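Below you'll find the structure, written out as C-alpha cells, and then a few comments.
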Amino acid sequence: LLLTPGCARKGGVPDVVVARDAGWHERTAAAEIRRYLYLRTGVLPGLEEAGSFAAIPSGAVAVLQKDGLRARGLEDGDAAAKIAALGPEDYWLKTFPRGSKRIILVAGGGPSGVLYGAYQLAEQLGVRFGLEGDTVPDTPLPMPALDLDETGHPLFAVRGIQPFHDFAEGPDWWT
C-alpha cells in the first residue's frame, strides 16, 4: 500500500476516449494516440469508452469515425454536418470547449481517415514519420494546449512504395 501513490497517474495528460461500439480502426487510432501521448509526455493516458459524444469527459481526446455512435450525439449542428461531409480517407482535428477544459476531436470519414487523423495529431505533438520509422523527440514535454481546426486528406488516390528495385537509387541501396 505504501507504493500506491507512486503508481498513480499524474494529471495534465488527457484520457483517450473511443465509442463502445468502435471498430478496430478507431481502437487502433485511439491506441496510437495514447502511445504517442505517452512517448511525448512520459505520462500514460487512460483509455475509456463512451456511449455518446455528450458522455465524453472534458479534457479528453475523442476518437470517432463518422458513422460511429458518438458522432450522432454531437451537440453542434455545424460540426455534425462537417463530420458527415468527410470522405472515406478524410480526417478532422478540432478542439471543442467543454466546461473549463476542452475536448480534442479526432474524426475520420472512414476507417483510413480516422487513422490518418490520429497520426496527424501525433505530428502536432512533434512526432515525425519517415520510411525508416517514426521519430519521437527525446525531450518530454508537458501536454500542449492544442487549438485545432484542421481537415486533411491524402494528396494522391494511390500511394505506396515501389516494391521493384529497378532504379539506381532505390531502397536496396540504402544502409
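Values as computed for the structure displayed
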read-out	value
Failed criterion for Val106 (all others in (1) free of Cβ contacts under 8 Å to residues at least 60 places away in the same chain; (2) part of a strand (DSSP E or B) hold)	(1)
Filter result for Leu2 (farther than 24 Å from Glu123 by Cβ, at pLDDT below 85 and open to solvent by less than 40 Å² (accessible area, probe 1.4 Å))	no
Subset of region 109-123 [part of a helix (DSSP H, G or I) and open to solvent by less than 20 Å² (accessible area, probe 1.4 Å)]	Gly113, Val114, Gly117, Ala118, Leu121, Ala122
Candidate set from region 146-159 (those that are free of Cβ contacts under 8 Å to residues at least 40 places away in the same chain and not charged (D, E, K, R)); member that is least open to solvent (accessible area, probe 1.4 Å)	Ala157
Members of region 74-92 found to be crowded, with 20+ Cβ neighbours inside 10 Å and in contact with a strand residue (DSSP E or B) (Cβ under 8 Å, 6 or more places away or on another chain), listed by number	Ile83, Leu86, Asp90, Tyr91, Trp92
Scope region 52-70; condition more than 19 Å from Leu125 (Cβ to Cβ), open to solvent by 20 Å² or more (accessible area, probe 1.4 Å) and not basic (Lys, Arg); matching residues	Ser52, Ala54, Ala55, Pro57, Ser58, Gln65, Asp67, Leu69
Qualifying residue in region 53-72 (condition: in contact (Cβ under 8 Å) with a residue 60 or more places away in the chain, acidic (Asp, Glu) and outside any strand (DSSP E or B))	no
Filter pass, Lys101 being crowded, with 21+ Cβ neighbours inside 10 Å and among the basic types (Lys, Arg)	no
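The values are calculated or read from the model by the stated rules, or taken from the named source; none is laboratory data. Every value quoted in this text rests on a predicted model; they were computed, and no experiment measured them. Reconstructed Cβ throughout: ideal geometry from the backbone, glycine too, with neighbour counts over all protein chains shown. Surface accessibility is based on the protein's heavy atoms, side chains included, excluding ligands, DNA and RNA. Shrake-Rupley method; radii C 1.70, N 1.55, O 1.52, S 1.80 Å.
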